[in-house]
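Working notes, structure below.
FYI, it's all coordinate maths here, none of it is from the lab. What you see is a predicted model, and the numbers here were worked out from it, not measured in a lab. Cβ placement follows ideal geometry from the backbone for every residue including glycine, while neighbour counts extend to all protein chains displayed.
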Amino acid sequence: MGNKKNISIRKLAVLERAKALGLAFKRPQMSDLERQAREWKRQEEAEKSEVQDESNAECGMRNADCILSPFNSEIRNPKSEIKDAGSGMQNTELSDSEHAEINEGFDWKPWRSDQGEGEKNSKKPERLNTASIARIARKIMAREWARALGGTSLESDQAGIEREAVQYKQKKAAETERKELEQQRAHKQRTALEKALRSFGRSLLKPAKPVTPESAEILLKEALSEVGETISITWQPDGCRILLEPWEEKKLKRKNGETLPAVFQTTVDDNLMLTSYQKIEDPLLLRQTRNDIIIKKIRLNFRKSPGQDFHAFENAVAEGGRIIQSMEIDEGWKIKFEPWEEMRKRNLERKGRPPIVTNVIRADKDFTHISCERI
């Protein structure tokens with residue numbers, strides 16, 4: 001395509017104004033070479049138009065012959081029609097030359113590809129469903145995020161699967177090792193409990209006076225103090241049930257920054273034989289046990305205080321945590337405090353940032369009924 005001649009807007013405006021006012025303006029002079037080229041081009045276009053007119057006329061004559069050919073075929077010889085009727089059915093198909101003569105000028109054939117498939121047999125483009133489009137979009141987004149974060153290239157699917165397999169094996173190995181360590185600690189604690197129960201049995205035979213249930217419980221707690229902290233002892237007709245938190249588990253809990261106690265349930269028969277020793281995994285029971293431990297410590301500290309007023313009760317609560325708010329209510333007293341374990345966890349792990357985990361202690365006027373609830 002030839003390059004067009006550029007005309008400035010100002011020059012075009014001058015030409016339009018001169019044309020509108022009927023003024024004469026200078027036209028660019030045409031060179032001899034350009035004049036000859038235009039003349040040659042005009043002659044060539046005229047020759048082409050003549051040739052095209054002749055071809056159109058020939059096509060028109062052929063079309064007229066094709067239109068008149070059915071009327072010519074209707075003029076038949078009566079004798080031949082009688083002969084055809086007498087001889088029965090006769091093949092009326094036209095020959096190939098007659099087909100070519102009739103359909104001359106209308107010889108249209110559908111397009112076929114190199115493989116021989118037509119337009120109707122051509123394969124339609126496959127449509128993507130919503131899931132495929134979403135998957136492609138996620139891949140594109142992941143690639144763009146990897147580039148934005150400075151990644152040189154994305155890992156292949158095989159590398160990702162291998163990495164996940166290695167992580168899964170490491171996780172399973174760590175879990176297996178943790179279970180083995182728990183079993184070793186449980187076996188060690190069980191042995192210590194059996195030793196403590198034998199010591200408790202010997203202590204029952206030492207005093208000359210008869211042993212009461214209160215004194216027996218005190219002796220049992222003293223024997224179990226070497227193993228852990230006794231939470232509760234429930235006497236049964238055929239023995240007792242003990243909730244215990246071993247010192248080793250308590251130290252490990254503080255090291256890991258956990259707040260729920262590691263409580264073990266121990267069952268002892270009437271012959272002071274250890275029948276079961278298992279860890280409690282129920283979170284509701286563990287939270288209730290934690291609240292019971294807090295109430296037990298408050299009661300113990302309150303009994304040790306010389307006075308039995310609200311100030312002594314407040315001091316007993318302060319030994320277990322930081323008091324945030326204390327007030328008197330209709331039923332008695334209400335104290336809101338943050339346990340030392342939660343405060344230590346917040347300062348060490350979260351650098352003093354919230355949330356602040358608090359407990360609410362409620363007590364009546366006589367400090368006989370005390371309840372603990374975590375907010």
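Summary of computed values
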{"read-out": "Flagged links, alpha-carbon separation over 26 Å, of LYS171/LYS195; LYS195/LYS250; LYS171/LYS351", "value": "LYS171/LYS195; LYS171/LYS351"}
{"read-out": "Dipole-positive endmost among ALA186, GLN167, PRO210 within region 159-281 (Cβ charges, Cα centre)", "value": "GLN167"}
{"read-out": "Kirkwood hydrodynamic radius (C-alpha pairs) into Stokes-Einstein, region 306-375, 37 °C and 0.692 mPa s, D in µm²/s", "value": "257"}
{"read-out": "5 Å-binned pair-distance histogram of region 159-281 (Cα, whole percent)", "value": "2, 9, 17, 20, 14, 10, 8, 6, 4, 3, 2, 2, 1, 0, 0, 0"}
{"read-out": "Relative contact order computed over region 159-281 (Cα-Cα under 8 Å; 6+ residues apart), in percent", "value": "18"}
{"read-out": "Ranked packing of 39-48, 291-300, most packed first, by mean Cβ within 10 Å", "value": "291-300, 39-48"}
{"read-out": "Mean Cβ count within 10 Å, highest first, over the residues of peptides 212-218, 230-236", "value": "230-236, 212-218"}
{"read-out": "Where GluC sites (Glu not before Pro) fall in DSSP loop in region 276-375, at most 14 other Cβ within 10 Å", "value": "GLU281, GLU319, GLU331"}
{"read-out": "Charge dipole (debye, nearest 20) of region 306-375; +1 at Cβ of Lys and Arg, -1 at Cβ of Asp and Glu", "value": "660"}
{"read-out": "Across LYS253/LYS304; LYS221/LYS345; LYS253/LYS345; LYS179/LYS297; LYS296/LYS336, pairs whose alpha-carbon gap is larger than 20 Å", "value": "LYS253/LYS304; LYS221/LYS345; LYS179/LYS297"}
{"read-out": "From phi via Karplus (6.51, -1.76, 1.60), per-residue ³J(HN,Hα) for region 247-258 in Hz, x at Gly/Pro", "value": "5, 5, 5, 5, 5, 5, 5, 5, 5, 7, x, 8"}
